[in-house]
Amino acid sequence: KAKELGRNSFEYFSAEMNAHATERLETLNSLRHALANDEFVLHYQPKVRMASGGVVGAEALLRWRHPQRGMVPPAHFIGLAEESGMIIEIGEWVLRTACAQNVAWQRAGLAPIPISVNLSPRQLARGDVVEVVRKALAASGLPPHCLELEITETVVMRDVDKSLETLRQLKELGVCIAIDDFGTGYSSLNYLKRFPVDTLKIDRSFVNDIAVDQDDAAIAKAIISLGHILNLKVVAEGVENEDQRRFLHENGCDDVQGFHFGRPMPADAFAATCLRR
Ligand code: C2E
Ligand code: MG
Ligand code: MG
Ligand code: MG
């Protein structure tokens, strides 16, 4: 009886696993197909200087314009792209496209602003990441200080010495480096001091209740102070309303990003927004 049950559950699981594997394989193939068929697109979200209200940057955010599924957000495919290694090619495409877009905006008369690109853990771990970034800059003609790379703390902490070396080389190229989702990982203050970064981005999870939750308010204030003591710029992400904006303003946050100021949008809409301001 037990044997029968065991066998049945094995068959059950293996069928389910097969379905899962098949689905993953299909997604993987379609990621490849998507890259080859130009189905990826970047949307751009404004970063706003608290003091002036001016647009001082743009974060490039990846979307998959799927012929049947419509606009697919990164949460639905970045994980698989990362696991499968497809993120390397996709990430190169993102870098090239974002750099070229920034040059196009500047040629069209927009004031020069840095463009921020998210680097995945796997990209950063590769020995050739510095070369890939250098090539994207060279191919587009974008000045290095007009590119910012956003990386997450956990990535950096995985292999501290190697990350430190990579970040130093990236800094030598002249690009800016931001720590994304700050506060959700576990950077030690010692590493934060040693890493050649320019910016801390306060994670959205702290910003959400910043105006109503005393703990989140305290954490956000602490991150702002810490950043400023270390001579870093502090940016808050996920700012959705005026109460959050006011709190961040009163507590000296440098830049803000969020639906309150602008959603991620196609390149031409971004340019129009900048010209209107
Ligand atoms: P992230 O880098 O922390 O990007 C911020 C995310 O918050 C974006 O989601 C953005 O649309 C969203 N967001 C911005 N303002 C608000 C707000 O006021 N409220 C709320 N609720 N959300 C807001 P998105 O575009 O879905 O991207 C999710 C994550 O996917 C990104 O988090 C980043 O980790 C990853 N990602 C996006 N594009 C790329 C890429 O080109 N390469 C890699 N490796 N990862 C990417
Ligand atoms: Mg980011
Ligand atoms: Mg973030
Ligand atoms: Mg975040």
Inset, instruction - Provide a single number: the residues in the stretch 213-226 that are within 16 Å of ligand 3 (Cβ to nearest atom) and open to solvent by 50 Å² or more (accessible area, probe 1.4 Å). - result: 1
Inset, instruction - Test each condition in (1) open to solvent by 40 Å² or more (accessible area, probe 1.4 Å); (2) within 16 Å of ligand 3 (Cβ to nearest atom); (3) of a type outside the set (S, T, Y); (4) out of contact with any strand residue (DSSP E or B) (no Cβ under 7 Å at 6 or more places or on another chain) for I210 and report the one that comes out false. - result: (1)
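One line per residue, one yes/no per condition, for (1) part of a strand (DSSP E or B); (2) of a type in the set (F, W, Y); (3) within 18 Å of the chain's Cα centre (by Cα):
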{"position": "A178", "(1), (2), (3)": "yes, no, yes"}
{"position": "D181", "(1), (2), (3)": "yes, no, yes"}
{"position": "G185", "(1), (2), (3)": "no, no, yes"}
{"position": "A211", "(1), (2), (3)": "no, no, no"}
{"position": "A218", "(1), (2), (3)": "no, no, no"}
{"position": "D243", "(1), (2), (3)": "no, no, no"}
{"position": "G252", "(1), (2), (3)": "no, no, no"}
{"position": "F259", "(1), (2), (3)": "no, yes, yes"}
Inset, instruction - Search the stretch 111-150 for residues being modelled with pLDDT of 95 or more and within 11 Å of ligand 1 (Cβ to nearest atom), and hand back the single one that is nearest to the chain's Cα centre (by Cα). - result: N118
Inset, instruction - Working only within the stretch 195-223, note down all residues that are under 22 Å from V117 (Cα atoms) and more than 15 Å from ligand 4 (Cβ to nearest atom). - result: F195, P196, V197, D198
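Name the residue, out of L119, L142, L147, L124, that is buried (at least 20 other Cβ atoms within 10 Å of the Cβ) and touching a Pro at 6+ places or on another chain (Cβ under 8 Å).
On the way: L119 fails: touching a Pro at 6+ places or on another chain (Cβ under 8 Å); L142 fails: touching a Pro at 6+ places or on another chain (Cβ under 8 Å); L124 fails: touching a Pro at 6+ places or on another chain (Cβ under 8 Å).
Residue meeting the stated conditions: L147.
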Legend entry - Filter result for L164 (in contact (Cβ under 8 Å) with a residue 40 or more places away in the chain and more than 12 Å from ligand 1 (Cβ to nearest atom)): no
Legend entry - Restricting the stretch 83-96 to residues that are within 13 Å of S140 (Cα to Cα) and surrounded by 20 or more Cβ atoms within 10 Å (Cβ to Cβ), the residue that is farthest from ligand 3 (Cβ to nearest atom): L95
Inset, instruction - Output the residue which, of all residues in the stretch 50-82 that are touching a Phe, Trp or Tyr at 6+ places or on another chain (Cβ under 9 Å) and part of a helix (DSSP H, G or I), is surrounded by the fewest Cβ atoms within 10 Å (Cβ to Cβ). - result: H76
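Filter the stretch 227-241 down to the residues that are over 24 Å from L61 (Cα atoms) and either within 16 Å of ligand 1 (Cβ to nearest atom) or in a loop (DSSP other than H, G, I, E, B) (or both) and list them by number. Show your work before the answer.
Narrowing the stretch 227-241 to residues over 24 Å from L61 (Cα atoms): 227-231.
Matches in the stretch 227-241: L230, N231.
Residue by residue, here is whether (1) open to solvent by 40 Å² or more (accessible area, probe 1.4 Å); (2) of a type outside the set (A, V, I, L, M); (3) in contact with a strand residue (DSSP E or B) (Cβ under 7 Å, 6 or more places away or on another chain) holds:
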{"position": "L189", "(1), (2), (3)": "yes, no, no"}
{"position": "I202", "(1), (2), (3)": "no, no, yes"}
{"position": "V234", "(1), (2), (3)": "no, no, yes"}
{"position": "N241", "(1), (2), (3)": "yes, yes, no"}
{"position": "F259", "(1), (2), (3)": "yes, yes, no"}
{"position": "G262", "(1), (2), (3)": "no, yes, yes"}
Inset, instruction - Go through (1) within 16 Å of ligand 4 (Cβ to nearest atom); (2) surrounded by fewer than 20 Cβ atoms within 10 Å (Cβ to Cβ); (3) of a type in the set (G, A, S) and name the single condition A178 misses. - result: (2)
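The values are calculated or read from the model by the stated rules, or taken from the named source; none is laboratory data. What you are looking at is a predicted structure, and each value in this text was computed from that prediction instead of being measured. Counting neighbours? That spans all protein chains shown, and the Cβs are built from the backbone with ideal geometry, glycine included. SASA here: full protein model, heavy atoms, side chains in, ligands and nucleic acids out. Shrake-Rupley method; radii C 1.70, N 1.55, O 1.52, S 1.80 Å.
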